[in-house]
Amino acid sequence: TTETQLADDEPVLPIPETAQRLTSLVEREGVEYLTGGTWEIVYYNQRDEQWAQQPYGRDHIGGYGCGPTVMAMVVATMTGQSVDPVKMAAFCVKNGHWARGQGSYHNIVDGVAEEFNLCSQSANLEELTEEVLLQRLAAGEMAVALMTRGHFTNGGHYILLRGVTLDGSILVADPASRERTLVAWDPEIIMGELSRSRDHGAPLWFVTPNVIWEE
């Protein structure tokens, strides 16, 4: 089942008061970049004027487009291609990743990765510890995480895990909130709020450029 990925409401839990702001957004030639992680991320926000009212199937990107917005960040960052949420939403509709009135099916990550020559690998949750997650992010992998009700959403919501800090916190790119994007998160919160869904690799996929896997 797909938890409804509607970004209109504030999450049930606020940003922890102890969360430190350790990153910043820099704009160059009309594109925003997130600094401070292993990658300099091309950042898109689904609620921004230029995308919010654009279609995602019969829905709108501002409400239900966290999936294509996150995948646009991944592709634009890792491949250098000019892919924004509108282009990614159109691709996702065409290729069966749009879930009407719900957001995106969980096949979105593998489907987009395959199309854009990226490697996606579902996390083995039985073996995934906070330490393993931090190690893999520190080594240059990104992770697309499907979150459930908590600090990030009232239902379901895709975010990008994009790096770690020196004290072992996780840096994210949240397609619905710059505020949540600019603070570092306790790995315990991230691990504890992963979706209960288990189809198509959910709730956590590691993504890398294909070159890392070549011998």
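The values are calculated or read from the model by the stated rules, or taken from the named source; none is laboratory data. Predicted model only: the values in this text are computed from it and were never measured. Counting neighbours? That spans all protein chains shown, and the Cβs are built from the backbone with ideal geometry, glycine included. Surface accessibility is based on the protein's heavy atoms, side chains included, excluding ligands, DNA and RNA. Shrake-Rupley method; radii C 1.70, N 1.55, O 1.52, S 1.80 Å.
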Practice task
Express in whole angstrom the spacing between the alpha-carbon centres of region 167-195 and region 18-51.
Solution key: 14 Å
Problem - Local electrostatic count, Gln20, Cβ distance below 14 Å [Lys/Arg +1, Asp/Glu -1] - result: -2
Practice task
List the trypsin sites (Lys or Arg not before Pro) within region 111-212 that fall in a DSSP loop (any state other than H, G, I, E or B) and whose Cβ has at most 14 other Cβ atoms within 10 Å.
Solution key: Arg196, Arg198
Completion exercise
Those GluC sites (Glu not before Pro) from region 104-137 that are DSSP loop and have at most 10 other Cβ neighbours within 10 Å turn out to be Glu126, Glu127
Exercise for the section: Go through region 44-127 and name the trypsin sites (Lys or Arg not before Pro) that are in a DSSP coil and have 14 or fewer other Cβ atoms within 10 Å of their Cβ. Expected result: Arg58, Arg100
Completion exercise
Regression test value, accessible area per residue of the chain, probe 1.4 Å, units Å², expected 46 Å²
Exercise for the section: Within region 148-184, find all residues whose amide N lies under 16 Å from a label point positioned 7 Å from the Cα of Gln20 along Cα-to-beta-carbon. Expected result: 163-172, 182-184
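Based on DSSP H assignment, which helices of the chain show an axial Cα extent of at least 18 Å together with a mean Kyte-Doolittle hydropathy greater than or equal to 0.0? Kindly include the intermediate steps, with their values, before the conclusion.
Numbers: long enough: 66-79 (19 Å, 1.45).
Result, helices passing both filters: 66-79.
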Practice task
Among [x] 0.91; [y] 1.00; [z] 1.23, find the value of Cα Rg over 2.2 N^0.38 Å that was calculated from the structure presented, and write down its label.
Solution key: [x]
Practice task
Take the eigenvalues of the Cα gyration tensor for region 116-215, scale each by 5, and report the square roots as semi-axes in whole Å, largest first.
Solution key: 20, 16, 13
Practice task
Note down the accessible area of Thr79, probe 1.4 Å, to the nearest 10 Å².
Solution key: 50 Å²
Problem - Protein accessible area in the chain, 1.4 Å probe - carbon and sulfur % - result: 46 percent
